[in-house]
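Enquirer: Would you mind keeping the following structure in view while I ask a few things?
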Amino acid sequence: MTTTHQFSGRTFLFLLASSRLDGNTETLAREAAAALPDGVEQEWLRLKDLPVPAFEDRRHDGPGIYPEPVGNSRVLLDATLSATDLVVASPLYWYSLSASAQLYLDHWSGWMRVPGLDFKPRMGGKTMWSITALSSEDRSMADPLIGTLRNCAAYMGMQWGGSLLGLGNAPGTVRDDAEALRAAGEFFVTDRASVTV
């Protein structure tokens, strides 16, 4: 098991990427967060409350084409850079991330190209986590979602913390998944080297 000391100086950013308030994925995320030691800083952002514009791919339009983010984009950028641990809590929508989670990641492409921001180097060494509720008992259905986040983490030089899956369709039904709730209580605080995730 990890110790409180191992959480010293860490900040967990929970990005809630569901279109539903207090949905099964959020329930699972809050169960996992409740097991973090007292004093570990947590920030919770609901992506649907922080809408950002559609991402425009302008990578080949020349250097310096992406301006400094403003508004909600700036809020998300600053929170992302301030965190040591990034927890993407997205339900499984059509076998992958929700639209709001995908749009957030799309904006990383722009942030990497803002002059002087050094977004990619500053992301290196952070830890990415995934929390997901899905309606199928075949948990391999979430493999594309998990693969997306793991590949993003690897590209940015981040560590992969692991994935937490729970079965839940109608609101609140993830609480019937006893195995998921048990895993949530151990998700952040178990030595990941000894756990298959």
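The values are calculated or read from the model by the stated rules, or taken from the named source; none is laboratory data. Here the structure is a predicted model, which means the values were calculated and not measured. Here Cβ is always computed from backbone atoms with ideal geometry, including for glycine, and neighbour counts include all displayed protein chains.
Enquirer: If we keep just the residues of segment 136-185 that are charged (D, E, K, R) and within 18 Å of the chain's Cα centre (by Cα), which is surrounded by the most Cβ atoms within 10 Å (Cβ to Cβ)? Quick ask: steps written out before the conclusion?
Expert: Restricting attention to segment 136-185, the residues satisfying the condition of being charged (D, E, K, R) are 137-139, 143, 150, 175-177, 179, 182.
Applying the additional criterion that residues be within 18 Å of the chain's Cα centre (by Cα) yields 143, 150.
Values: D143: 14, R150: 17.
Per the stated criteria, the residue is R150.
Enquirer: Moving on to the next point. Working only within segment 33-69, note down all residues that are part of a helix (DSSP H, G or I) and charged (D, E, K, R).
Expert: Taking segment 33-69 as the starting set, the residues that turn out to be part of a helix (DSSP H, G or I) are 33-34, 47-49.
Within segment 33-69, K48, D49 meet the criteria.
Enquirer: Right, next: Could you tell me which numbered condition S82 fails, if it satisfies all but one of (1) free of Cβ contacts under 8 Å to residues at least 40 places away in the same chain; (2) within 24 Å of A33 (Cα to Cα); (3) of a type in the set (S, T, Y); (4) exposed (fewer than 14 other Cβ atoms within 10 Å of the Cβ)?
Expert: (1)
Enquirer: State whether the residues of segment 87-106 include one that is in contact with a strand residue (DSSP E or B) (Cβ under 8 Å, 6 or more places away or on another chain) and over 25 Å from D143 (Cα atoms). Even if it seems obvious, please write down each step before you answer.
Expert: Here is the first cut: in segment 87-106, the residues in contact with a strand residue (DSSP E or B) (Cβ under 8 Å, 6 or more places away or on another chain) are 87-92, 97, 99, 101-102, 104.
Next, only the ones that are over 25 Å from D143 (Cα atoms) stay: none.
No; the residues of segment 87-106 include none that is in contact with a strand residue (DSSP E or B) (Cβ under 8 Å, 6 or more places away or on another chain) and over 25 Å from D143 (Cα atoms).
Enquirer: Of all residues in segment 6-47 being out of contact with any strand residue (DSSP E or B) (no Cβ under 8 Å at 6 or more places or on another chain) and among the basic types (K, R), which is nearest to Q102 (Cα to Cα)?
Expert: Out of the qualifying residues, it is R20.
Enquirer: Which members of segment 60-91 meet the condition of being modelled with pLDDT of 95 or more and acidic (D, E)?
Expert: The answer is D78, D85.
Enquirer: Restricting the search to segment 125-149, which residues are of a type in the set (S, T, Y), modelled with pLDDT of 95 or more and not in a helix (DSSP H, G or I)? It would help to see each step written out before you state the result.
Expert: Within segment 125-149, the subset of a type in the set (S, T, Y) is 127, 130, 132, 135-136, 140, 148.
Those still in the list that are modelled with pLDDT of 95 or more too: 127, 130, 132, 148.
Result: T127, S130, T132.
Enquirer: Now for a separate question. What number of residues within segment 121-133 satisfy the criterion of being buried (at least 17 other Cβ atoms within 10 Å of the Cβ) and touching a helix residue (DSSP H, G or I) at 6+ places or on another chain (Cβ under 6 Å)? Please lay out each step first, then the result.
Expert: As a first pass, look at segment 121-133 and keep what is buried (at least 17 other Cβ atoms within 10 Å of the Cβ): 123, 126-133.
Restricting the remaining residues to those that are touching a helix residue (DSSP H, G or I) at 6+ places or on another chain (Cβ under 6 Å) gives 123, 128, 130-133.
The qualifying residues number 6.
Enquirer: Right, something else. Please work out if L92 is touching a residue at least 24 places away in the same chain (Cβ under 8 Å) and touching a Ser or Thr at 6+ places or on another chain (Cβ under 9 Å). Break it down into steps so the answer makes sense when it comes.
Expert: Numbers: touching a residue at least 24 places away in the same chain (Cβ under 8 Å): yes; touching a Ser or Thr at 6+ places or on another chain (Cβ under 9 Å): yes.
Here the answer is yes, as L92 does meet what is asked.
Enquirer: While we're on this one: Scan segment 16-45 residue by residue and report those that are of a type outside the set (D, E), touching a residue at least 40 places away in the same chain (Cβ under 8 Å) and loosely packed, with under 15 Cβ neighbours inside 10 Å. It would help to see each step written out before you state the result.
Expert: Filtering segment 16-45 for residues of a type outside the set (D, E) gives 16-21, 23-25, 27-30, 32-37, 39-40, 42, 44-45.
Then keep just the ones that are touching a residue at least 40 places away in the same chain (Cβ under 8 Å); that gives 16-20, 23-25, 27-29, 32-37.
If the condition is that a residue be of a type outside the set (D, E), touching a residue at least 40 places away in the same chain (Cβ under 8 Å) and loosely packed, with under 15 Cβ neighbours inside 10 Å, then S19, R20, A34, A35 are the ones that fit.
Enquirer: Follow-up question, since we're still on this one. Quick check: is even one residue across segment 109-120 buried (at least 17 other Cβ atoms within 10 Å of the Cβ), in contact (Cβ under 8 Å) with a residue 60 or more places away in the chain and not in a loop (DSSP other than H, G, I, E, B)?
Expert: Checked against the condition, which is being buried (at least 17 other Cβ atoms within 10 Å of the Cβ), in contact (Cβ under 8 Å) with a residue 60 or more places away in the chain and not in a loop (DSSP other than H, G, I, E, B), segment 109-120 yields no hits at all.
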